[in-house]
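*Asks:* One structure coming up, written as structure tokens, with questions to follow.
The values are calculated or read from the model by the stated rules, or taken from the named source; none is laboratory data. The shown structure was predicted, so the numbers you read here are calculated from the model rather than taken from an experiment. Quick reminder, even Gly has a Cβ in these numbers, built from the backbone with ideal geometry, and neighbours come from all protein chains shown.
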Amino acid sequence: MNTTKDSKKAQWEKERVKNWEMIWDGHYRNKDGTLDPEFNFAGWLDSYTGNPIPTEYAREWVQSSVERIQNLLPADPDLRKKARILEIGCGTGLLVYRLAPLVAEYVGIDPSESAVNGLRQHLERKGVNHVHLHKRTALEITDFEKQSFDLIILNSVAQYFPSAEYMLEVLKEALPLLKPAGHMFLGDIRNYALFDAFHASVCLAKSTDDMLIEKFKLRYERRKLKEPEILYDPGFFLSLREIFPSVDSVQVELLRGNYLFEMTMFRYDATIRMNGENVQERTRIEWRDWRTEKFSIDKIDESLRSQNPTTLAVRDIQNSRVQAHASLVRAFRSHATNAGELRSLALAAAQAEPGQNPEEFWALGQKHNYKTIVGWPTNSMDGAFSVLFTKQEWTQSFPIDSFEVQPLEKFSNRF
């Protein structure tokens, strides 16, 4: 019985992968030749408006992703030049063009034939010969040599997997390909903890103020049921050390960016670090609480300046990027009769307890010469985040120092 069930699920997953392949194959075809081959953002639409994501937003997103990924390569210039990267889901090469010049070999795979052929042709015209491309799915990597890559990238791809279980299968095949102390970067992950807030905010953006609350809630529930993509709570990735003994740590970080749109509001990056040859001592985090201690940006600034702590960790910081959207879900429990009243209640609740812009903390870290990690803990349904300022090389998991393992089914909308 289980074998039959597993077989049916495997067939369904293949069909889902094929379906996404066909969708993106259509997006990637540069039929009229007008798209910039090195910045092809075709198919990226704003959920609130249905329009293409503005180019300036997309460029900032790409640049911040590249900067974060670059920091995972060997710091030594000579070692970096010898490094090897594998990108699973390379698409039209948004990252390939920007990262390949830094390393000895760049291997990219993608299920879209249009993407692979277009990228290969453009690279050949540029005389690039150390990038090797293959039309493959994420699971077709078993022939690569074990411990042969310094870095594996899976950027803005995880949401298109058929299930979270499929993600685990990909990790099972990919992680052994990394060298000791190598990294796997999983970028642009949709946060399952904010699943309700996201769909409520999109529904509100598409609703008139006089829409009755019953109709609004019905649309909201239908949107959630029809969600075609996979979302992951940060707890999914923070649990990986318990599943894969070769994993040393996992760090979950909010996306950087000054433009406020769905990617900076509702998505994050997860970086997996493999065990190195030397076991590093764990540093226990001494947490400070933002609300209890009545912190402010100015107080954090003064603390870093005057006390110069080796490490400062603060949690439960309200997030201005999603404050109103999270308040919207809570407003469902009110006596609002229409969408307009719901909108007013959500804004009032957000204004009553203003949140903080995550970028302010990265700016403080840069000002005082601290490495800064701004991360989401598990089950942060209000979008609250944690911040770590440290003068040490920080290679352990964040934003947790201990983690109560939960069933992975709780961490995704489709397992």
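*Asks:* Out of Leu304, Leu260, Leu328, report the one residue that is among the aliphatic types (A, V, I, L, M) and crowded, with 21+ Cβ neighbours inside 10 Å.
*Replies:* That would be Leu328, the only listed residue that is among the aliphatic types (A, V, I, L, M) and crowded, with 21+ Cβ neighbours inside 10 Å.
*Asks:* Inside the stretch 244-269, can you point out the residues that are of a type in the set (Gly, Ala, Ser) and more than 24 Å from Arg59 (Cβ to Cβ)?
*Replies:* Ser246, Ser249
*Asks:* Same structure, new question: Looking at the stretch 77-92, I want the residues that are over 20 Å from Phe144 (Cβ atoms) and surrounded by 24 or more Cβ atoms within 10 Å (Cβ to Cβ) and have a partner that is hydroxyl-bearing (Ser, Thr, Tyr) and modelled with pLDDT under 95 with Cβ atoms under 9 Å, at least 6 apart or on another chain. Which pairs are those?
*Replies:* These pairs meet every condition: Thr92/Tyr28; Thr92/Ser112; Thr92/Ser114.
*Asks:* Restricting to the stretch 240-296, count the residues that are in contact with a helix residue (DSSP H, G or I) (Cβ under 9 Å, 6 or more places away or on another chain) and free of Cβ contacts under 8 Å to residues at least 12 places away in the same chain.
*Replies:* 1
One line per residue, one yes/no per condition, for (1) part of a loop (DSSP other than H, G, I, E, B); (2) more than 21 Å from Trp290 (Cα to Cα):
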{"site": "Trp362", "(1), (2)": "no, no"}
{"site": "Gly365", "(1), (2)": "no, no"}
{"site": "Asn369", "(1), (2)": "yes, yes"}
{"site": "Thr372", "(1), (2)": "no, no"}
{"site": "Ser380", "(1), (2)": "yes, no"}
{"site": "Leu388", "(1), (2)": "no, no"}
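*Asks:* Pick from Ser114, Ser47: which is small (Gly, Ala, Ser), in a loop (DSSP other than H, G, I, E, B) and more than 20 Å from His183 (Cα to Cα)?
*Replies:* Ser47
*Asks:* With Ser303, Ser380, Ser327, Ser344 as the choices, which residue is without any contact (Cβ under 8 Å) to a residue 12 or more places away in the chain and closer than 30 Å to Lys215 by Cβ?
*Replies:* Step by step, each of Ser303, Ser380, Ser327, Ser344 is checked, and only Ser344 is without any contact (Cβ under 8 Å) to a residue 12 or more places away in the chain and closer than 30 Å to Lys215 by Cβ.
Yes/no per residue for (1) under 13 Å from the mean Cα position of the chain (by Cα); (2) in the same structural domain as Ser386 (by TED's automatic domain parsing); (3) of a type in the set (Ser, Thr, Tyr):
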| site | (1), (2), (3) |
| --- | --- |
| Arg222 | no, no, no |
| Val247 | no, no, no |
| Thr264 | yes, no, yes |
| Ser296 | no, yes, yes |
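*Asks:* Every residue in the stretch 328-382 that is touching a Pro at 6+ places or on another chain (Cβ under 9 Å), closer than 24 Å to Val202 by Cα and among the hydrophobic types (A, V, I, L, M, F, W, C), please.
*Replies:* Trp376
*Asks:* If you don't mind, there's one more thing I want to ask. If you take the residues in the stretch 117-161 that are free of Cβ contacts under 8 Å to residues at least 24 places away in the same chain and in a helix (DSSP H, G or I), which one is farthest from Ile230 (Cα to Cα)? It would help to see each step written out before you state the result.
*Replies:* Going through the stretch 117-161, the residues free of Cβ contacts under 8 Å to residues at least 24 places away in the same chain turn out to be 117, 120-121, 124-127, 129, 143.
With the extra rule that they be in a helix (DSSP H, G or I), the set shrinks to 117, 120-121, 124-125.
On the way: Asn117: 27, Arg120: 29, Gln121: 32, Glu124: 35, Arg125: 37 Å.
Out of the qualifying residues, it is Arg125.
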